[in-house]
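Q: I am attaching a structure below and will ask some questions about it afterwards.
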Amino acid sequence: MSFSEASREALQHLKETREINTVILRYEDASGTLEVDLEGNLTQDELVAALPADAPRLVVHELSFATPEGARRNEPLLILWMPPDAAEQEAAYTAAYAAMKEFLGDVRVHLTARRADQLDYRRLVALAG
């Protein structure tokens, strides 16, 4: 498993700028690489809507929220989107997820979501906070 040049650039863009808050990657079996599926500045609803119902994806998302004290925080999340209909691809995506954890060493919140409700904003804030 390797990262395409475009996926490396998208992840660097996310890390270095405030222009985007989300990078969604797909694993290409034929080449064994992670490719950019979507790069953008998405709301929580747009993020959930961008995920296919029948295919896995890897997501790096910069979650913005306020602490109980009112301070603004941003926390990067690494999400393995693994819907039930994509079980045959789980081994490949699990390996890619492990590689992403290593590549993104500064991301401390990792989660696997199998249903859209597992990406509820309040749940993500609780995990990040």
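Q: Enumerate the calculated ³J(HN,Hα) couplings along the range 42-54 in order (Karplus 6.51 cos²θ - 1.76 cosθ + 1.60, θ = phi - 60°), each rounded to whole Hz, writing x wherever the residue is Gly or Pro.
A: 3J(HN,Hα) across the range 42-54, in whole Hz: 10, 6, 4, 5, 5, 4, 4, 5, 6, 7, x, 6, 10.
Q: Could you please state how large a percent of the accessible area of the range 10-129 is carbon and sulfur, counting protein chains only and using a 1.4 Å probe?
A: Ligands and nucleic acids excluded, carbon and sulfur give 48 percent.
Q: Also, I was wondering about something else. Amide H to amide H under 5 Å from THR112: which residues, 5+ apart in sequence or cross-chain, H placed 1.01 Å off N in plane?
A: Distant-sequence amide H within range of THR112: LEU80.
Q: Spelling out what I want: for every residue of the range 102-107, take phi, set θ = phi - 60°, compute 6.51 cos²θ - 1.76 cosθ + 1.60 (Karplus), and round to whole Hz; glycine and proline get x.
A: Running phi through 6.51 cos²θ - 1.76 cosθ + 1.60 with θ = phi - 60° gives 5, 5, 9, x, 8, 8 Hz.
Q: In square angstrom, what is the accessible area per residue of the range 1-117 with a 1.4 angstrom probe?
A: 52
Q: What is the sum of charges, Lys and Arg at +1 and Asp and Glu at -1, for the other residues whose Cβ falls under 10 Å from the Cβ of THR33?
A: Around THR33, the charge tally is -3.
Q: Can you work out ³J(HN,Hα) from phi for every residue in the range 93-99, in order, using Karplus 6.51 cos²θ - 1.76 cosθ + 1.60 and θ = phi - 60°, giving whole Hz and x for Gly and Pro?
A: After applying 6.51 cos²θ - 1.76 cosθ + 1.60, I find 6, 5, 5, 5, 4, 4, 5 Hz.
Q: Quick one: compute the contact order of the chain, relative version, from alpha carbon pairs under 8 angstrom and 6+ residues apart, as a percent.
A: 21
Q: Okay, next question. Would you calculate, for the chain, the mean residue ellipticity at 222 nm contributed by helices, counting each DSSP H stretch of 4 or more residues as -39,500 (n - 2.57) and dividing by all residues, to the nearest 500?
A: Rounded to the nearest 500, it is -9500 deg cm²/dmol.
Q: A further question on this structure: How far apart, in nm, are two points set 7 Å out from the Cα along the Cα-to-Cβ line at ASP54 and at THR67?
A: 4.5
Q: Taking 7 Å along the Cα-to-C-beta vector as the label spot, tell me the ASN74-ARG123 distance in nanometres, rounded to one decimal.
A: Calculated label separation equals 2.5 nm.
Q: A further question on this structure: Net charge near ARG114: determine it from the other residues with C-beta under 14 Å of the C-beta of ARG114, scoring Lys and Arg +1 and Asp and Glu -1.
A: Combined, the nearby Lys, Arg, Asp and Glu give -2.
Q: Mind pulling the angle between the C-alpha long axis of helix 5-16 and the longest principal axis of the chain? Nearest 10 degrees, somewhere in 0 to 90.
A: 10
The values are calculated or read from the model by the stated rules, or taken from the named source; none is laboratory data. These numbers were taken from a predicted model, which means no experiment stands behind them. FYI the Cβ positions are ideal-geometry reconstructions off the backbone, even for glycines, and counts take in every protein chain you see. To get the accessible areas, we keep the full protein, side chains included, count just its heavy atoms, and leave off ligands, DNA and RNA. Shrake-Rupley method; radii C 1.70, N 1.55, O 1.52, S 1.80 Å.
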